[in-house]
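Novice: Below is the structure I would like to discuss, written out as structure tokens.
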Amino acid sequence: MRPIPPARAGALCWALAAPLFLAANLVTGLGWRHPPYSWATNNISDLGNVHCGVWDTTRPRYVCSPWHPIMNAGMLLTGALLAAGVLLTWRALGPGRLIRVARSLLLLAGVGFALAGVFPADADENWHFLAALLVLGAGPVGLTLAGLAPRAGAPGRLRLPTLAAGLLALTGAVLFVAQRDAGIGMGGMERVAALPYPIWACWIGITLFAAGGPARRIRRG
């Protein structure tokens, strides 16, 4: 059996990241009872908290996540898949300084997802804050820059959807930091900031994998 080329392996990593992350969110949320988990009210990190009790001085809420190991493992694996996807598809993302910066930021965002799983918010708040900064800062900016990349690389040939995902994530991150929920709750706004990257990675990973890697032409978005 011939080994999978690195770019296709990276594309597969990207394709798996979002389904894994969403599944961890859904399954872990099912373990909540009193109160039930809310995607609008609760932060993503609430699912990974290892202790039960009132949490967060800004928006005090009772957090109790009995199945937190599932979420923390899911966060760690999601971050590993996102980071591996960036590294293995490095050349497929194209040349130029702009795309190099975008790749580096997306790599850091993947590391942020992994750190959030290793350091739950109520176990090590400082490291978790760094993780959130990488996910909600480096991720949206990197995705936006990828959408501005030259058309020689995969993101450039899929420019409009990539740029739309980046701007959506960037808007969500700014509103989340400003504590503006726009009617969808702060948990909902955090997801607007955090989810576009893994969802975009899944979509572009499937596109690259189906195309057989960077050598074949990808239809423009």
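Bear in mind these aren't lab numbers, they're just calculated from the coordinates by the rules spelled out. Values in this document were obtained by computation on a predicted structure and should not be read as measured data. Cβ atoms come from the backbone with ideal geometry, glycine included; neighbour counts cover every protein chain shown.
Novice: Give the angle, between 0 and 90 degrees and rounded to the nearest 10, that separates the Cα long axis of helix 159-177 from the longest principal axis of the Cα atoms of the chain.
Specialist: That works out to roughly 20 degrees.
Novice: Bin width 5 Å, alpha-carbon pairs only: give the P(r) of the stretch 6-211 as whole percents, running from 0 to the bin holding the largest distance.
Specialist: 1, 9, 16, 21, 20, 14, 9, 6, 3, 1, 0
Novice: Within the stretch 15-115, list the trypsin sites (Lys or Arg not before Pro) lying in a DSSP loop whose Cβ has at most 12 other Cβ atoms in a 10 Å radius.
Specialist: Qualifying residues, ordered by number: ARG33.
Novice: Okay, moving on. Cysteines without a disulfide-compatible partner in the chain, using Cβ under 4.7 Å as the rule?
Specialist: Within the chain, the cysteines lacking a partner Cβ under 4.7 Å are CYS13, CYS202.
Novice: Starting from the amide H of VAL63, placed 1.01 Å from N in the peptide plane, find each other amide H under 5 Å away whose residue is 5 or more places distant or on another chain.
Specialist: The answer is GLY53, VAL54, TRP55.
Novice: Calculated FRET efficiency, VAL50 and ARG180, Cβ-Cβ r, R0 41 Å, to nearest 0.05?
Specialist: 0.90
Novice: Relative contact order for the stretch 6-211: what is it in percent, counting Cα pairs under 8 Å that are at least 6 residues apart?
Specialist: Once divided by the residue count of the stretch 6-211, the mean separation gives 26 percent.
Novice: Mind checking which of ALA138, ALA210, ALA146 has the largest fluctuation in a GNM of the chain, springs on alpha carbons under 10 Å?
Specialist: Fluctuation is largest for ALA210.
Novice: Fewest first, what order do HIS51, HIS68, HIS34 take by the number of other Cβ atoms within 10 Å? Working shown, then result.
Specialist: Values: HIS51 12, HIS68 22, HIS34 6.
Ascending number of Cβ neighbours within 10 Å: HIS34, HIS51, HIS68.
Novice: Compute the long axis of helix 196-211 from its Cα atoms, compare it with the longest principal axis of the Cα atoms of the chain, and write down the angle in degrees, 0 to 90, nearest 10.
Specialist: So the inclination is approximately 30 degrees.
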